[in-house]
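K.L.:
Structure provided below as structure tokens; questions to follow.
The values are calculated or read from the model by the stated rules, or taken from the named source; none is laboratory data. Given the structure is predicted, the values throughout are model-derived calculations rather than measurements. For neighbour counting, all protein chains shown are included, and Cβ atoms are generated from backbone atoms with ideal geometry for every residue, glycine included. Protein only, heavy atoms only, side chains kept; ligands, DNA and RNA dropped before computing areas. Shrake-Rupley method; radii C 1.70, N 1.55, O 1.52, S 1.80 Å.
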Amino acid sequence: MEASLTRRLPFKDRHFTCSKIIGRRFACFAQRLSHRRKQSQCDLLNESTGQLPTTCSSAASNNLSWNSRVKMTQQMQSLHLSQSKKHSAPSSPSAAKRLYRNLSEKLKGSHSSFDEAYFRTRTDRLSLRKTSVNFQGNEAMFEAVEQQDMDAVQILLYQYTPEELDLNTPNSEGLTPLDIAIMTNNVPIARILLRTGARESPHFVSLESRAMHLHTLVQEAQERVSELSAQVEHEGFSLDNTEKEKQLKAWEWRYRLYRRMKTGFEHARAPEVPTNACLTVTSSTSLTVSFQEPLSVNAAVVTRYKVEWSMSKDFCPLAGEIIMENLQTLRCIITGLTTGQQYFVQVSAYNMKGWGPAQTTTPACASPSNWKDYDDRAPRHKGQSEVLEGLLHQVRALHQHYSCRETSKLQTTGRKQSVSRSLKHLFHSSNKFVKTLKRGLYIAVIFYYKDNMLVTNEDQIPIVEIDDSHTSSITQDFLWFTKLSCMWEDIRWLRQSVPISMSSSTVLQTRQKMLAATAQLQNLLGTHNLGRVYYEPIKDRHGNILIVTIREVEMLYSFFNGKWMQISKLQSQRKSLSTPEEPTALDILLITIQDILSYHKRSHQRLSPGLYLGYLKLCSSVDQIKVLVTQKLPNILCHVKIRENNNISKEEWEWVQKLSGSESTESVDHTSDCPMQLFFYELQMAVKALLKQINIPLHQARNFRLYTQEVLEMGHNVSFLLLLPASDDVCTAPGQNNPYTPHSGFLNLPLQMFELVHFCSYREKFISLYCRLSAVVELDSLNTQQSLREAISDSEVAAAKQRHQQVLDFIQQIDEVWREMRWIMDALHYARYKQPVSGLSITKLIDPSDEQNLKKINSTSSHIDCLPSPSPSPEMHRRKAMSGERGKRNPRTTRILSLQPCKQSGLIADTTIRRQLANKLEEMPHKSPPLLGNKSEST
């Protein structure tokens, strides 16, 4: 009744009602707990009197030993009823003494403080409470499954973990919740339990043991019902008899449940074969099998699957097998295989009636391989991070060596410089943020959380000045500053390792000022992490340049010298103060703040694992090269997904190489059994989708080709094939017409910034090491050059040359590692190489004439009797002009309807429909009906 009432309620009321039902059930379970404890005492008393129950055991069940229910004597039943009326007594004094004794031993023993002993005792209390919750949740789950209450099962699984519910521990009848669900053929509940990790009872080791156990449960329940029925009829109306009537109803219900379970088991049959079993090559040592559930209507729920593989077609002998009990994903990865060895794979399903027949995968066999096995190529990213770690240790050791030697020299010259700096800072405050921008170079920090943004106490964005005079181009300084975003915590060490000299070069002084401004921001905000640098500085016509760093925080922290404000409120305040004629860099920052935050969020996202087809397109300007990316994912090229499997096997790569070197597509096997046919089809669909995304027609993409030098393994199981444009159009120069105009939603990102955000998403460790090492060594190069210019004596010149040569050696080693990792430059050189034309032409994958046929099909309507209308006659133009002059307030449009013969129109031959349509048109507000079509031709 409660379940039916719950299903009729809305979702929120149903959730509340189910919670109340479960709460009442938990109260009943506490009483049942005390009832079972007292019943166990009665069982022990019956054993002492010699009244032992008959046990159900079988030789086939091995460890299956069930303790049947004990028939209580009349005296024990009356004792049980009298005890059930009493209230539960408190804990025994002996238990309290034991707890006190244990606590005193902990205080006197190895524990060092009372707090530790207290928390140990508190942990014990929590574990006891957790045990009670586990018992109540387990009982509630059993009752919900027995009552087939789907809502209660979902609520319990939502509120508790499978461990807290103790799903896989059999009850006193030897059953788990999953056993009851599958034997009552409750498919929805069984599937929910399977997805959460539920298992069958481990005692059912054979079909005979399960059948015998169900028979015993039904027989005992029937005997118990007969016994209680006789007692109720014999005793008549009494208080004890009322309790027995309740027990009788409960046993009658349980008897029906056991009979239904037995009937479900007897009528079930073994499962059919799994469907859509597919075998794919996922690496040089592994295969992946994916499949779907069997098409079985009358069979029981499948509870596990078995994947077998062998090197022989008849699967004798087996090379291995995997039993899948976790059915959250029907996908199995076979690892530890031999590269190049052919394996046959099959899958079979299991339910309570046993294993079903095996299904061979499609294809039936496969060999673990990778595209690098085609020419025994070494991985691009192997060992690069380790090389950079070694170089970083050497650079740090070199810094410590020279810093100790130059400490005394810095102390002698530090007095004069400190006096000049102190005089300067008397008039120039260095511990406050900038309020207004005056021609200079600045750093702005954006800390945000949802719609809130960190501002200063004056409601300004935290901005610190770097330099009040700068050169027109700061590209190299900006790129060096972006590397600092991977080493914010090393700013102090980096400043200490850079000697301060008034005769330093302009570049070195700018770098020193950047470090000083960064340290000032860190001190003002009270944090080292300033976030990631925006991909370009913001400039205005006043000569201001704003470098922006962005960081998303997990919650609204309290920062020094700052508070939180809504972004919309900050924008409205700035809008009332700014001048729209000549916006400053700060105004531009606030106007584009949403785009900046959107870029920051999306630049951290990664693609899901799989194989993708990317489009390489660049454009060059005066001082940098830019890469075409999408605004949705600026850390990767424009792309479409080819398939879920990121691995390209040796056979697939060999097929690509043969197709790129052949004159025609005759070498392509188009048979349905060929695995290459699926790969060929996937490439076709991906190329068409990518050309459509970047708005390039097929007839303009005749010279496009696939990059066949390598498969780009980005990281995190993401691989790329590249689509390259014609050699002259790979990188568009300034002034050159770009024949390809993509749709909106794209972004031209500077090449260095693209590589930074790309490697930060897919090669985090490598880019962190590279940025640290490159920023330090580049700064050392400027310092050694300055020391070489300032050296006077021969010993100073020799020492400066030696150190400068060491830095140059470091730079050379770093550049070698960087060149090996920069896949985009290798692809660019390959794409711009004209003689001979390299790559796999897409005309071998797609016929450009298909586009013309597709246009013809799309231009023709799907209905034969509705063809395009002819152009309106001059008379209609005259009438339209006259009607427009008479009444401009109520313009009218003329519609021309063309009627064509149709074989399936349902009309009789030589029938005219002029008058019928004219009647319809007379109802329109036009004064004269437009020209209609001619009389329909006979069919």
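K.L.:
For the range 807-830, give me each residue that is surrounded by 14 or more Cβ atoms within 10 Å (Cβ to Cβ) and basic (Lys, Arg).
P.N.:
822
K.L.:
Something else: Take the conditions closer than 21 Å to residue 473 by Cβ and among the basic types (Lys, Arg) and apply them to residue 569. Does it pass? Let's see the steps before the verdict.
P.N.:
On the way: closer than 21 Å to residue 473 by Cβ: no; among the basic types (Lys, Arg): yes.
No, not satisfied.
K.L.:
For residues that are within 18 Å of residue 776 (Cα to Cα) and open to solvent by 80 Å² or more (accessible area, probe 1.4 Å), scanning just the range 792-806, find the one that is farthest from the chain's Cα centre (by Cα).
P.N.:
In the first step, residues of the range 792-806 are kept if they are within 18 Å of residue 776 (Cα to Cα); the result is 800, 802-806.
Still in the running and open to solvent by 80 Å² or more (accessible area, probe 1.4 Å): 802, 805.
Values: 802: 51, 805: 47 Å.
Among those that are within 18 Å of residue 776 (Cα to Cα) and open to solvent by 80 Å² or more (accessible area, probe 1.4 Å), it is 802.
K.L.:
Condition first: open to solvent by 40 Å² or more (accessible area, probe 1.4 Å) and either of a type in the set (Ser, Thr, Tyr) or assigned to a helix (DSSP H, G or I) (or both). Now tell me which residues in the range 691-731 satisfy that.
P.N.:
The initial filter retains those residues of the range 691-731 that are open to solvent by 40 Å² or more (accessible area, probe 1.4 Å), namely 692-693, 695, 699-700, 702-703, 709, 713, 716-717, 728.
Those that are open to solvent by 40 Å² or more (accessible area, probe 1.4 Å) and either of a type in the set (Ser, Thr, Tyr) or assigned to a helix (DSSP H, G or I) (or both): 692, 693, 699, 700, 728.
K.L.:
Out of the range 216-250, which residues are open to solvent by 40 Å² or more (accessible area, probe 1.4 Å), without any contact (Cβ under 8 Å) to a residue 60 or more places away in the chain and under 28 Å from residue 168 (Cβ atoms)?
P.N.:
219, 250
K.L.:
Go through (1) outside any loop (DSSP other than H, G, I, E, B); (2) in contact (Cβ under 8 Å) with a residue 60 or more places away in the chain; (3) surrounded by 19 or more Cβ atoms within 10 Å (Cβ to Cβ) and name the single condition residue 684 misses.
P.N.:
(3)
K.L.:
Could you tell me whether the range 279-297 includes any residue that is open to solvent by 20 Å² or more (accessible area, probe 1.4 Å), under 29 Å from residue 142 (Cβ atoms), under 36 Å from the mean Cα position of the chain (by Cα) and modelled with pLDDT under 90?
P.N.:
Here is the first cut: in the range 279-297, the ones open to solvent by 20 Å² or more (accessible area, probe 1.4 Å) are 280-285, 290, 292-293, 295-297.
Subset that is under 29 Å from residue 142 (Cβ atoms): 293, 296-297.
Still in the running and under 36 Å from the mean Cα position of the chain (by Cα): 293, 296-297.
Remaining after also requiring modelled with pLDDT under 90: 296-297.
Yes.
K.L.:
Output the residues belonging to the range 142-178 that are part of a loop (DSSP other than H, G, I, E, B), surrounded by fewer than 17 Cβ atoms within 10 Å (Cβ to Cβ) and of a type in the set (Ser, Thr, Tyr).
P.N.:
Within the range 142-178, 161, 169, 172 meet the criteria.
K.L.:
OK, next. Within the range 337-359, how many residues turn out to be open to solvent by 60 Å² or more (accessible area, probe 1.4 Å) and of a type in the set (Ser, Thr, Tyr)?
P.N.:
The total comes to 2.
K.L.:
Which numbered condition in (1) farther than 30 Å from residue 204 by Cβ; (2) not in a strand (DSSP E or B) is the only one that residue 357 fails?
P.N.:
Result: residue 357 fails condition (1) only.
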